[in-house]
Amino acid sequence: MIDRIATAPLTAAGLILGYAVAVSSGSRPLGGVVMAAFGLTCIWIWLRRDGRRTAAVLTAAGLAAFAFSHVLALLITPWPAVLVVAAVTAALCWRLSDARRPHLRPA
């Protein structure tokens, strides 16, 4: 069952929804909770499916993307920055984890 879960959309959704919740609620901690829930779910999947090394690499990439989105937001405004880092993070998750599952690849 765990092999059938694509983590690329989960990572993108976590970054995007985490930011959306933080902005709409005015609570950055609440947005962080949303982002953390998605992130922990992905970490759990990667550990069981791909092993510690892949889980560590993708977790570090997600944290770096979150941090970089703040810097990038100074240049291109927040929403585009979040969308860019979400897309890049999702692509990395696809490449290192999801693409290894033949049933997750597009036909």
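In table form, for the structure just shown:
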quantity	calculated
Accessible-area composition of segment 18-107, carbon plus sulfur, in percent [1.4 Å probe]	72 percent
Cα-derived Rg over Rh, computed across the chain with Rh taken as Kirkwood radius	0.99
Over the chain, relative contact order from alpha-carbon pairs under 8 Å, at least 6 apart, %	36 percent
Segment 1-63: relative contact order in percent, alpha carbon pairs under 8 Å with at least 6 residues between	30 percent
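The values are calculated or read from the model by the stated rules, or taken from the named source; none is laboratory data. All values derive from a computational prediction rather than experimental measurement. These accessible areas exclude ligands, DNA and RNA; they are computed on the full protein's heavy atoms, side chains included. Shrake-Rupley method; radii C 1.70, N 1.55, O 1.52, S 1.80 Å.
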